Amino acid sequence: MEFAMSQVNTDKLVEDLKAVVHDAEDLLKATAEQAGEHIAGVRARAEASLRSAREKLADLMDCDAAQYARNAAGRADRYIHNSPWLAIGAGAAAGLVLGLLLGRRDRDHSR
């Protein structure tokens, strides 16, 4: 339950950051024609902030994906330990299907 709630919060944060980045990009495009030393300084700071936000967003998404993979691996490990014969059967069935498909492909290519 805790993972699901933190996942929802992380997803919301990522969506909010994406919206902020998009709005900042639009604002920078809209003010591209503006001239002046003050405007140029503000634009430079905004562009730097935008680059930083993009990097942090990418890092957050990478961390989120890594955390999801760790959680999935943990769930798979617990499932296999709790139901080893079912996991062995599923692996054998997957191997059988894969073997049949590969054997069929080899027969088709040899003709």
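Would segment 73-85 turn up any residue that is among the β-branched types (Val, Ile, Thr), surrounded by 10 or more Cβ atoms within 10 Å (Cβ to Cβ) and at pLDDT below 85? Checked segment 73-85: at least one residue is among the β-branched types (Val, Ile, Thr), surrounded by 10 or more Cβ atoms within 10 Å (Cβ to Cβ) and at pLDDT below 85. Among the residues of segment 43-56, those that are within 29 Å of Lys12 (Cβ to Cβ) and either modelled with pLDDT under 75 or of a type outside the set (A, V, I, L, M, F, W, C) (or both) comprise Arg45, Glu47, Ser49, Arg51, Ser52, Arg54, Glu55, Lys56.
Evaluate the following for Ala40: is it closer than 29 Å to Arg75 by Cα, part of a helix (DSSP H, G or I) and either touching a strand residue (DSSP E or B) at 6+ places or on another chain (Cβ under 6 Å) or modelled with pLDDT of 75 or more (or both)? Criteria not met by Ala40.
Evaluated against (1) assigned to a helix (DSSP H, G or I); (2) surrounded by 10 or more Cβ atoms within 10 Å (Cβ to Cβ), Gln34 falls short on exactly one condition, (1).
The values are calculated or read from the model by the stated rules, or taken from the named source; none is laboratory data. As the structure is a computational prediction, the values presented were derived from the model and not from experiment. Here the Cβ is made from the backbone with ideal geometry for all residues, glycine too, and neighbour counts use every protein chain on show.
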